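Have a look at the structure below before the remarks.
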Amino acid sequence: MNKYIKIEALEKAVIDLILQKEDTLLRKQFANSRVLSREFTGTGFYTNYEVPDLSLCSSPQLNTVLPENACVEAIINGLTAMGFVLFIRDGKISFLEGYTYGEEMPENIEGFTLRRF
């Protein structure tokens, strides 16, 4: 299966978990967003999003990272641990960063488990 399709399933699950306890507008933003670009770094990735509807924008002054007081982690293929941070810029979802803890990111994502702590 295509790497991009599998990474999208991981991204969606991660962002859904991150936004589970967040503002309704941010969840609506994600539901209406689209991927602008994705960069693989070898030890992780950056996925940039576009939120087309400005009415879904939360406070324009909001610049933060989520989760603020918790960590979302995935175990990829039962072996590789990854952490995630969702960046909010000017009140809109901007990008998701996924990173390993120094290991190479697997080429193929066969499966994953998530946890929030």
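The values are calculated or read from the model by the stated rules, or taken from the named source; none is laboratory data. Please read all numbers here as calculations on a predicted model, not as lab measurements. Cβ: placed from backbone, ideal geometry, glycine included. Neighbour counts: every protein chain shown.
Just a few scattered comments:
- Within the stretch 1-32, considering residues that are under 17 Å from M82 (Cβ atoms) and of a type in the set (K, R), the one modelled with the lowest pLDDT: K3
- Single condition C71 does not satisfy, out of (1) at pLDDT 85 or above; (2) within 13 Å of the chain's Cα centre (by Cα): (1)
- Qualifying residue in the stretch 85-102 (condition: closer than 13 Å to V14 by Cα, in contact with a Pro (Cβ under 9 Å, 6 or more places away or on another chain) and without any contact (Cβ under 8 Å) to a residue 24 or more places away in the chain): yes
- Condition check for V65 on (1) β-branched (V, I, T); (2) out of contact with any Leu (no Cβ under 8 Å at 6 or more places or on another chain); (3) modelled with pLDDT under 90: one failure, at (2).
- Sub-7 Å Cβ pairs linking a first residue in the stretch 25-50 that is farther than 16 Å from E97 by Cα and aliphatic (A, V, I, L, M) to a second residue that is assigned to a loop (DSSP other than H, G, I, E, B) and at pLDDT below 95, at least 6 apart or interchain, are L25/S58; L26/S58, ordered by first then second residue.
- Test: residue in the stretch 33-56 that is at pLDDT 90 or above, in a helix (DSSP H, G or I) and within 24 Å of R115 (Cβ to Cβ): no
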